[in-house]
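Heads up, the thing below is written out as structure tokens.
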Amino acid sequence: MMLRRATSVAAVLGALMVAAACGGGDDPPTTSPDSETSESPTEPTEPITTPPAWEKEYTEKQLAAYDAAFGRWEIYESRSEAIWAEGKATDRAEAFFKQYFPSPIWQGFYQRLETYEQVDVQIEGLADVYWSKPKTISKDGLSVVVDQCLDYTTIKTTQRGKPAQPVAWQQKPNLRTITLEKPEGHDWLIYGVVDATGGKARPCKP
């Protein structure tokens, strides 16, 4: 779903052709020149992909940091889907948020989940991603800010088992900004997620 740096993937399919010839007597079978074909099998080629223009702005170290940080975010978002869909502030949910957010940021996400439980709200599905790219990557490769243009209409919100009233900003592509940092001795942690849920819509072009 989420678009990361362009990579080239070759899908190579091999075709095996077996020819059998039968001959009589002691003479070996012969092949006339007319029966030979001048066509040679076509070699499979790798698809050609063009790296995004923004890659030229960064060093290999910075690009590697972006891949690692963004990969961490993708894992968090994929795993968190079940927690928001359940809508319960459990011990398991608390431990989960602590894995991906520093204190006191994880408490904010857990408190949001507590609020959802109190009003019986469940959020199912993930936003579709039109594009993702770095907004900034620090020179030391320890801080990454990612901008994403998202389609939020793929998210289903229910309250007390009934579909919630659609929110106007969710009906158009909107920007989300994610800040990740890698403190010493830790994996990448999420230090901020800014989108229109904070009260300010930021439309974007897919």
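How long is the gain from GLU184 to ALA95 if the chain were fully straight, where each residue apart is worth 0.36 nm and the alpha carbon distance is subtracted?
Full extension from GLU184 to ALA95 adds 30.0 nm.
Given the whole protein assembly as supplied and a 1.4 Å probe, what does the accessible area of ASP187 come to in Å², nearest 10?
Rounded to the nearest 10, that gives 80 Å².
According to a simple spin-label model (label point 7 Å from Cα along Cα-to-Cβ), what is the distance in nm between TYR191 and ASP67?
2.3
How much length would be gained if the chain were fully extended between ALA168 and GLU55, taking 0.36 nm per residue of separation minus their Cα-Cα distance, in nm to one decimal?
37.3 nm is the gain from fully extending ALA168 to GLU55.
With N denoting the number of residues in the stretch 57-194, provide Rg(C-alpha) divided by 2.2 N^0.38 Å, to two decimal places.
1.12
Straight distance only, please: which lysines reach the Cα of LYS172 with their own Cα at less than 26 Å, same-chain residues fewer than 8 apart left out?
Counting by Cα, and skipping residues close in sequence, LYS172 has these lysines nearby: LYS133, LYS135, LYS156, LYS162, LYS200, LYS205.
The values are calculated or read from the model by the stated rules, or taken from the named source; none is laboratory data. Everything numeric here is computed off the predicted structure, so don't read it as measured data. Backbone-built Cβ (ideal geometry, glycine too); neighbour counts: all protein chains shown. Keep in mind that these areas ignore ligands, DNA and RNA; they rest on the heavy atoms of the full protein, side chains included. Shrake-Rupley method; radii C 1.70, N 1.55, O 1.52, S 1.80 Å.
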